[in-house]
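The values are calculated or read from the model by the stated rules, or taken from the named source; none is laboratory data. Keep in mind that what you see is a predicted model, and the values were worked out from it rather than measured. All accessible areas refer to the heavy atoms of the entire protein, side chains included, with ligands and DNA or RNA removed. Shrake-Rupley method; radii C 1.70, N 1.55, O 1.52, S 1.80 Å.
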Amino acid sequence: MNNILSDLIKALNNIDRKYYEMQNVVFNNGILEFDSDEDLKNYERRLMIEFAVQYSKLFGEDTNQLYNGTQTDFEIPKKYMYYGNPDEKIKDTYEKLSNKEYKSKSNSEMMFNYFTTIPDFLIHKSQNNFDDEFQKLIVEAKTNPNPSKIEIFKDIFHINIYAEKYNYQNCVILLINYPEKKWLTDLRSYLANRYYLASIEKQNRIFVVFKESYEAASTINSLVELKTICQQRCIKK
(Lines give C-alpha, C1' and ligand atoms only; values in the text may rest on other atoms or scores of the structure.)
Protein backbone atom coordinates (compact mmCIF):
# COMPACT_ATOMS: atom_id res chain seq x y z
CA MET A 1 0.00 0.00 0.00
CA ASN A 2 1.49 3.37 -0.98
CA ASN A 3 1.51 6.46 1.26
CA ILE A 4 -1.52 8.09 -0.34
CA LEU A 5 -3.64 4.98 0.16
CA SER A 6 -2.34 4.73 3.73
CA ASP A 7 -3.53 8.30 4.32
CA LEU A 8 -6.92 7.43 2.85
CA ILE A 9 -7.31 4.52 5.29
CA LYS A 10 -6.18 6.72 8.20
CA ALA A 11 -8.72 9.41 7.27
CA LEU A 12 -11.47 6.81 6.97
CA ASN A 13 -10.63 5.25 10.33
CA ASN A 14 -10.64 8.68 12.00
CA ILE A 15 -14.31 9.29 11.14
CA ASP A 16 -16.56 9.17 14.19
CA ARG A 17 -19.28 6.55 14.59
CA LYS A 18 -22.11 9.09 14.20
CA TYR A 19 -21.23 9.67 10.53
CA TYR A 20 -21.94 6.01 9.78
CA GLU A 21 -25.47 6.29 11.14
CA MET A 22 -28.33 6.05 8.65
CA GLN A 23 -31.90 7.22 9.03
CA ASN A 24 -34.44 4.81 10.47
CA VAL A 25 -35.57 2.01 8.22
CA VAL A 26 -38.76 -0.01 8.25
CA PHE A 27 -39.87 -3.45 7.12
CA ASN A 28 -42.74 -3.47 4.65
CA ASN A 29 -44.01 -6.98 3.91
CA GLY A 30 -40.63 -8.36 4.83
CA ILE A 31 -38.71 -5.88 2.64
CA LEU A 32 -36.25 -3.40 4.15
CA GLU A 33 -37.19 0.11 3.00
CA PHE A 34 -35.53 3.50 3.36
CA ASP A 35 -37.33 6.85 3.24
CA SER A 36 -35.89 7.83 -0.12
CA ASP A 37 -32.77 7.61 -2.27
CA GLU A 38 -32.29 11.34 -1.80
CA ASP A 39 -32.13 10.95 1.98
CA LEU A 40 -29.50 8.27 1.56
CA LYS A 41 -27.44 10.58 -0.67
CA ASN A 42 -27.54 13.23 2.04
CA TYR A 43 -26.11 10.73 4.54
CA GLU A 44 -23.44 9.75 2.01
CA ARG A 45 -22.50 13.39 1.49
CA ARG A 46 -22.36 13.95 5.25
CA LEU A 47 -19.87 11.11 5.72
CA MET A 48 -17.77 12.21 2.74
CA ILE A 49 -17.56 15.78 4.00
CA GLU A 50 -16.16 14.43 7.25
CA PHE A 51 -13.79 12.19 5.27
CA ALA A 52 -12.56 15.29 3.41
CA VAL A 53 -12.03 17.07 6.74
CA GLN A 54 -10.02 14.17 8.15
CA TYR A 55 -7.96 13.78 4.99
CA SER A 56 -7.26 17.51 4.90
CA LYS A 57 -5.68 17.21 8.36
CA LEU A 58 -3.23 14.64 6.99
CA PHE A 59 -2.75 16.77 3.88
CA GLY A 60 -1.76 19.69 6.09
CA GLU A 61 0.76 17.54 7.99
CA ASP A 62 2.58 16.52 4.81
CA THR A 63 6.14 16.37 6.17
CA ASN A 64 7.28 14.24 3.22
CA GLN A 65 5.94 16.81 0.74
CA LEU A 66 3.93 14.07 -0.94
CA TYR A 67 1.19 16.51 -1.92
CA ASN A 68 3.34 19.42 -3.13
CA GLY A 69 1.63 21.45 -5.84
CA THR A 70 -1.79 19.87 -5.29
CA GLN A 71 -5.02 20.67 -3.47
CA THR A 72 -7.99 18.74 -2.11
CA ASP A 73 -11.33 19.10 -3.90
CA PHE A 74 -14.84 17.87 -3.23
CA GLU A 75 -17.55 17.02 -5.78
CA ILE A 76 -15.90 18.78 -8.73
CA PRO A 77 -17.59 17.86 -12.05
CA LYS A 78 -15.60 15.94 -14.64
CA LYS A 79 -16.79 16.00 -18.25
CA TYR A 80 -15.66 13.31 -20.62
CA MET A 81 -15.00 14.93 -24.01
CA TYR A 82 -15.96 12.06 -26.32
CA TYR A 83 -15.84 13.97 -29.59
CA GLY A 84 -12.32 15.30 -28.99
CA ASN A 85 -10.83 11.89 -28.25
CA PRO A 86 -13.34 9.22 -29.31
CA ASP A 87 -13.50 5.94 -27.44
CA GLU A 88 -16.32 3.78 -28.74
CA LYS A 89 -16.15 1.39 -25.79
CA ILE A 90 -16.84 4.22 -23.34
CA LYS A 91 -19.69 5.46 -25.48
CA ASP A 92 -21.17 1.97 -25.80
CA THR A 93 -21.01 1.34 -22.04
CA TYR A 94 -22.50 4.74 -21.25
CA GLU A 95 -25.46 4.08 -23.54
CA LYS A 96 -26.11 0.67 -22.00
CA LEU A 97 -25.90 1.89 -18.40
CA SER A 98 -28.03 4.98 -19.02
CA ASN A 99 -30.45 3.26 -21.40
CA LYS A 100 -29.88 6.00 -23.99
CA GLU A 101 -29.04 5.82 -27.66
CA TYR A 102 -26.80 8.45 -29.22
CA LYS A 103 -25.06 6.51 -31.96
CA SER A 104 -26.45 8.78 -34.67
CA LYS A 105 -24.76 11.73 -32.95
CA SER A 106 -21.33 10.18 -32.47
CA ASN A 107 -19.56 13.04 -34.26
CA SER A 108 -21.40 15.82 -32.46
CA GLU A 109 -20.86 17.49 -29.10
CA MET A 110 -23.72 15.57 -27.51
CA MET A 111 -21.65 13.30 -25.32
CA PHE A 112 -19.64 16.24 -23.98
CA ASN A 113 -22.89 17.94 -23.04
CA TYR A 114 -24.54 15.06 -21.24
CA PHE A 115 -21.75 12.88 -19.87
CA THR A 116 -20.61 14.52 -16.64
CA THR A 117 -19.38 12.66 -13.56
CA ILE A 118 -18.98 14.12 -10.08
CA PRO A 119 -16.32 12.27 -8.06
CA ASP A 120 -16.77 12.53 -4.31
CA PHE A 121 -13.22 13.53 -3.40
CA LEU A 122 -10.00 14.23 -5.26
CA ILE A 123 -6.48 15.55 -4.87
CA HIS A 124 -5.01 17.25 -7.93
CA LYS A 125 -3.38 20.44 -9.10
CA SER A 126 -6.37 21.89 -10.97
CA GLN A 127 -9.23 20.98 -13.27
CA ASN A 128 -7.18 21.84 -16.35
CA ASN A 129 -4.02 19.94 -15.45
CA PHE A 130 -3.59 16.31 -16.60
CA ASP A 131 0.05 15.64 -15.68
CA ASP A 132 0.41 12.28 -13.92
CA GLU A 133 2.49 13.68 -11.08
CA PHE A 134 -0.32 15.98 -9.95
CA GLN A 135 -3.23 13.54 -10.25
CA LYS A 136 -2.82 12.06 -6.79
CA LEU A 137 -6.18 10.61 -5.77
CA ILE A 138 -9.80 10.38 -6.90
CA VAL A 139 -12.61 8.68 -4.96
CA GLU A 140 -16.06 7.41 -5.84
CA ALA A 141 -17.92 6.56 -2.62
CA LYS A 142 -21.03 4.57 -1.83
CA THR A 143 -22.60 4.40 1.65
CA ASN A 144 -26.00 3.06 0.62
CA PRO A 145 -26.31 -0.51 1.98
CA ASN A 146 -28.75 -1.39 -0.79
CA PRO A 147 -27.80 0.42 -4.03
CA SER A 148 -29.06 -0.66 -7.42
CA LYS A 149 -26.74 -2.76 -9.56
CA ILE A 150 -26.62 0.10 -12.10
CA GLU A 151 -25.25 2.44 -9.41
CA ILE A 152 -22.50 -0.05 -8.64
CA PHE A 153 -21.76 -0.49 -12.34
CA LYS A 154 -21.52 3.28 -12.86
CA ASP A 155 -18.94 3.63 -10.08
CA ILE A 156 -16.81 0.91 -11.69
CA PHE A 157 -17.26 2.56 -15.09
CA HIS A 158 -16.32 6.03 -13.89
CA ILE A 159 -13.28 4.90 -11.90
CA ASN A 160 -11.87 3.17 -14.99
CA ILE A 161 -12.29 6.40 -16.97
CA TYR A 162 -10.46 8.41 -14.29
CA ALA A 163 -7.57 5.95 -14.43
CA GLU A 164 -7.33 5.77 -18.23
CA LYS A 165 -8.30 9.24 -19.41
CA TYR A 166 -7.41 11.53 -16.51
CA ASN A 167 -4.13 9.90 -15.42
CA TYR A 168 -4.99 9.58 -11.72
CA GLN A 169 -2.35 7.66 -9.77
CA ASN A 170 -4.82 6.30 -7.23
CA CYS A 171 -8.43 5.70 -8.26
CA VAL A 172 -10.55 4.42 -5.40
CA ILE A 173 -14.03 2.99 -5.07
CA LEU A 174 -14.94 3.42 -1.39
CA LEU A 175 -17.72 1.12 -0.19
CA ILE A 176 -19.28 1.75 3.22
CA ASN A 177 -22.03 -0.57 4.58
CA TYR A 178 -21.81 -2.78 1.48
CA PRO A 179 -20.47 -6.36 1.79
CA GLU A 180 -17.39 -7.31 -0.21
CA LYS A 181 -18.95 -10.63 -1.19
CA LYS A 182 -21.96 -8.87 -2.70
CA TRP A 183 -19.79 -6.37 -4.56
CA LEU A 184 -17.68 -9.16 -6.07
CA THR A 185 -20.89 -10.62 -7.48
CA ASP A 186 -21.59 -7.22 -9.04
CA LEU A 187 -18.06 -7.06 -10.46
CA ARG A 188 -18.48 -10.49 -12.06
CA SER A 189 -21.66 -9.25 -13.70
CA TYR A 190 -19.91 -6.07 -14.90
CA LEU A 191 -17.13 -8.14 -16.45
CA ALA A 192 -19.58 -10.60 -18.01
CA ASN A 193 -21.36 -7.70 -19.72
CA ARG A 194 -18.03 -6.58 -21.19
CA TYR A 195 -18.46 -3.03 -20.00
CA TYR A 196 -15.60 -0.56 -20.29
CA LEU A 197 -12.32 -1.26 -18.51
CA ALA A 198 -9.11 0.74 -18.52
CA SER A 199 -5.94 -0.80 -19.96
CA ILE A 200 -4.28 -3.40 -17.72
CA GLU A 201 -1.52 -0.91 -16.94
CA LYS A 202 -4.04 1.68 -15.71
CA GLN A 203 -6.18 -0.92 -13.90
CA ASN A 204 -3.24 -1.31 -11.52
CA ARG A 205 -4.05 2.23 -10.36
CA ILE A 206 -7.59 1.26 -9.34
CA PHE A 207 -8.37 0.14 -5.78
CA VAL A 208 -11.48 -0.86 -3.87
CA VAL A 209 -11.81 -0.09 -0.16
CA PHE A 210 -14.39 -1.94 1.92
CA LYS A 211 -15.62 -0.90 5.36
CA GLU A 212 -18.80 -2.83 6.00
CA SER A 213 -19.63 -0.99 9.26
CA TYR A 214 -18.12 1.41 11.75
CA GLU A 215 -16.75 -1.55 13.73
CA ALA A 216 -15.39 -3.41 10.71
CA ALA A 217 -11.77 -3.15 9.66
CA SER A 218 -11.01 -1.26 6.45
CA THR A 219 -9.64 -3.48 3.69
CA ILE A 220 -8.12 -2.50 0.37
CA ASN A 221 -7.51 -4.49 -2.82
CA SER A 222 -6.53 -3.60 -6.34
CA LEU A 223 -9.09 -4.06 -9.09
CA VAL A 224 -6.71 -6.51 -10.77
CA GLU A 225 -6.65 -8.66 -7.61
CA LEU A 226 -10.44 -8.60 -7.30
CA LYS A 227 -10.87 -9.54 -10.96
CA THR A 228 -8.61 -12.53 -10.36
CA ILE A 229 -10.76 -13.60 -7.39
CA CYS A 230 -13.87 -13.38 -9.58
CA GLN A 231 -12.27 -15.44 -12.33
CA GLN A 232 -11.09 -18.13 -9.90
CA ARG A 233 -14.56 -18.47 -8.40
CA CYS A 234 -16.08 -18.78 -11.87
CA ILE A 235 -13.64 -21.58 -12.70
CA LYS A 236 -14.52 -23.44 -9.48
CA LYS A 237 -18.19 -23.27 -10.36
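Could you tell me what percent of the accessible area of segment 123-237 is made up of carbon and sulfur, with a 1.4 Å probe and every protein chain present?
Here carbon and sulfur together make up 48 percent of the probe-accessible area.
Looking at this model, which pairs from K96/K125; K10/K202; K18/K91; K57/K182 are more than 31 angstrom apart at the alpha-carbon?
From K96/K125; K10/K202; K18/K91; K57/K182, over 31 Å: K96/K125; K18/K91; K57/K182.
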